[in-house]
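A.B. asks: Encoded as structure tokens, here's the structure I'll be asking about.
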């Protein structure tokens, strides 16, 4: 499991490396365009099973710490769904990878 560390706070957002790689692409694209946005996700049961959200802006440092060292193959369909969410008025809402992905290598299924 990897972590996204938010700003200079103690906020650590935990995702598996595959999800985090996709989030990094989508978040990076928004920040390169200078667009701030909310990013929200469903919390794990271990921390209360609620929802959390952060404001993401180019002035707020994010650190993506992956647990593995292998490159991740990108699922274009998932990237598109996450990008559409990020461009909505609600902001980027994390969603799991769609079922039936044909872009994912067999070794990662």
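A.B. asks: Is it possible to state the helix-based mean residue ellipticity at 222 nm for the chain, with each DSSP H run of 4+ residues giving -39500 (n - 2.57), the sum divided by total residues, to the nearest 500 deg cm²/dmol? What is it?
C.D. replies: -8000 deg cm²/dmol
A.B. asks: Just the number, please: percent antiparallel of the DSSP beta bridges in segment 2-108, rounded to the nearest 5.
C.D. replies: Rounded to the nearest five, the antiparallel share is 90 percent.
A.B. asks: Give the angle, between 0 and 90 degrees and rounded to the nearest 10, that separates the Cα long axis of helix 76-86 from the longest principal axis of the Cα atoms of the chain.
C.D. replies: So the inclination is approximately 20 degrees.
A.B. asks: At 0.36 nm per residue, minus the direct Cα-Cα distance, what do residue 55 and residue 7 gain on full extension? Give it in nm, one decimal, please.
C.D. replies: 16.2 nm
A.B. asks: Ok, one more. In Å, what is the Rg of the alpha-carbon atoms in segment 2-108, and how long is Dmax?
C.D. replies: 13.7, 39
A.B. asks: Which of 99, 12, 80 moves the most in a Gaussian network model of the chain with Cα springs under 10 Å?
C.D. replies: 99
A.B. asks: Any idea what angle helix 17-32 forms with the longest principal axis of the chain, computed on alpha-carbon atoms, 0 to 90 degrees, nearest 10?
C.D. replies: 50 degrees
A.B. asks: On full extension of the chain, what length is gained from residue 42 through residue 74, given 0.36 nm per residue of separation minus the C-alpha to C-alpha distance?
C.D. replies: Value of the extension gain: 9.3 nm.
Laboratory data are not the source of any read-out in this text; all were calculated from the coordinates shown. Computed from a predicted model, the values in this text were never measured in an experiment.
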